[in-house]
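Since every read-out is calculated from the coordinates, none of them should be taken as a lab result. This is a predicted model, so every value here is computed, not measured. Virtual Cβ from ideal backbone geometry, glycine too; neighbours counted across all protein chains shown.
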Amino acid sequence: MLIGIVGKPSSGKSTFFKASTLADVAIAPHPFTTIKPNHGIGFVRTECPEKFFNVKCNPRFGYCLSGIRFVPVDLLDVAGLVPGAHEGKGLGNQFLDDLRQADVLIHVVDISGSTNENGESVDKLSYNPCKDIEFLEEEIDLWFYNILGKGWDKFVRQAKQEKREIVKAIAKQLSGLRVNEDQVESSIRNLNLNKETPEAWSENNLLSLCKELRKLSKPIIIAANKIDVPGSEKYFEEAKKKFPGLLIVPCSAESELALKEAAKAGLIDYIPGSMSFEITDKGKKVLSEQQLNALNFIQKNILDKYKSTGIQELLDKAVFDFLKYLAIFPGGMKKLQDSEGRTLPDCFLMEPGTTALQFAYKIHTTIGDTFVKAMDVKKRMAVGKEYNLKSGDVIEIITSK
């Protein structure tokens, strides 16, 4: 799974990425600070079964705080996008190519209106960020169209010569964008297109099809960044009204980064995604008055007002709400430890509809090949190979070897 962090230059993408990963990336208030994509590991939250079993887990990957498991996911911060990117303007071609394998996109928007369409600094609240939401969707839709729509007549003729159904042909053409046959089939059906006569589809039909396929294969969540800037609530509320079909989450990447770095230094106790933090004994001794004021500002103007900085919420919603992934834990009926004595060491993020047998193959091919049955460890009951897993399940695989 790959989450793409997208947006125009200077919108706060790299700050969002660093706040999510604590990776060392360049952050500067001018366009195209990010030239090559930054790859890092972020984390999504799920309830850890350690509470259910009254044990303490020992994760091999990620970590667990107060019964909340933080599971690693891949993040990619790509070069900034400007209008005309699908035609190669700015770093458009590179930006779009970097996004091919992304499963979901988080579009970081400067909701304070302090950067124009080219990522150049302007007076706060002087630029309407709703324009950014519109143009980025349009650029990615047109990127899809450039791959599929241009040379459509030749594409259809070739598909017919090779006796390939149009659904299969389109899915193959767009497979590099993670488009599958089910998505093509449902999009064609939703648009009432006749798949028996694709040569009759108009340019508008093709563009509509590309929009549908983009929504399914590259869903977009809006990160309304810089919500801490006074007056930015105006544009946030306007964006929610103008785009009721989009999930728009208020966030402050700078606040999250400050909290994460303070926690890493042992100055505060902070669980990402929570509504508050506590200053540690060390923090009480070394934090300056200026630093304390900054932390108080974050608590009052971000955490109290919006219930979190928004960063963790965006990652969680991208994985669990949009992609509907399941958090599945391997475990045993007799013991929850692995061969090295770690308790509940692993958490797998699985696609919706995953069966017990598919989970077995995810763990190891041999385990899948020798599958006999699975055990729901929480319910202490056997389940078959076609059992559809639920998020939070603890599963033991019984094999013939």
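A few comments on the model shown:
- The stretch 8-15 - phi-based ³J(HN,Hα) in whole Hz, Karplus 6.51/-1.76/1.60, Gly and Pro as x: 6, x, 6, 7, x, 4, 5, 5
- Computed from point charges on the beta carbon alone (+1 for Lys and Arg, -1 for Asp and Glu), the dipole magnitude for the chain about its Cα centre is near 1100 Debye.
- Ordering Leu105, Val377, Leu191 by Cα displacement along the dipole of the chain toward the positive end leaves Val377 in first place; charges were set at the Cβ atoms of Lys, Arg (+1) and Asp, Glu (-1).
- The chain: calculated mean residue ellipticity at 222 nm from DSSP helix runs of at least 4, using -39500 (n - 2.57): -10000 deg cm²/dmol
- Spherically averaged projected area of the stretch 325-399 from its Cα convex hull (nm²): 4.4
- Partner aspartates and glutamates for Lys241 [C-alpha distance under 14 Å; skip if fewer than 8 residues away on the same chain]: Glu134, Glu233
- In summary, the chain shows an alpha-carbon radius of gyration equal to 1.10 times the 2.2 N^0.38 Å reference for compact globular proteins.
- All-pairs alpha carbon distance profile, the stretch 121-215, 10 Å steps from 0, percent: 15, 46, 21, 10, 6, 1
- Shape analysis of the stretch 238-372 yields a ratio of the Cα radius of gyration to the Kirkwood radius, Rg/Rh, of 1.13.
- Each of the peptides 170-182, 49-61, 69-81 was scored by the mean count of other Cβ atoms within 10 Å over its residues; in descending order, highest first, they stand as 69-81, 170-182, 49-61.
- Applied to the stretch 388-401, the Karplus parametrisation 6.51 cos²θ - 1.76 cosθ + 1.60 on θ = phi - 60° returns per-residue 3J(HN,Hα) values of 7, 5, 10, 4, x, 4, 10, 10, 10, 9, 9, 10, 7, 10 Hz, with x for Gly and Pro.
- For the stretch 263-323 and the stretch 191-221, distance of Cα centres in Å: 43
- Note on the stretch 109-172: Kirkwood radius taken over Cα pairs, Stokes-Einstein applied at 20 °C and 1.002 mPa s, translational D equal to 147 µm² s⁻¹.
- ³J(HN,Hα) computed for each position of the stretch 291-298 - Karplus, 6.51 cos²θ - 1.76 cosθ + 1.60, integer Hz, glycine/proline x: 5, 5, 5, 5, 5, 5, 4, 4
- In this structure the amide hydrogen of Phe43, modeled in the peptide plane, comes within under 5 Å of the amide hydrogens of Val73, none closer than 5 places in sequence on its chain.
- Proximity of backbone amide H atoms, modeled 1.01 Å from N, is registered between Val122 and Thr115, Asn116 at under 5 Å, excluding neighbours fewer than 5 places apart on the same chain.
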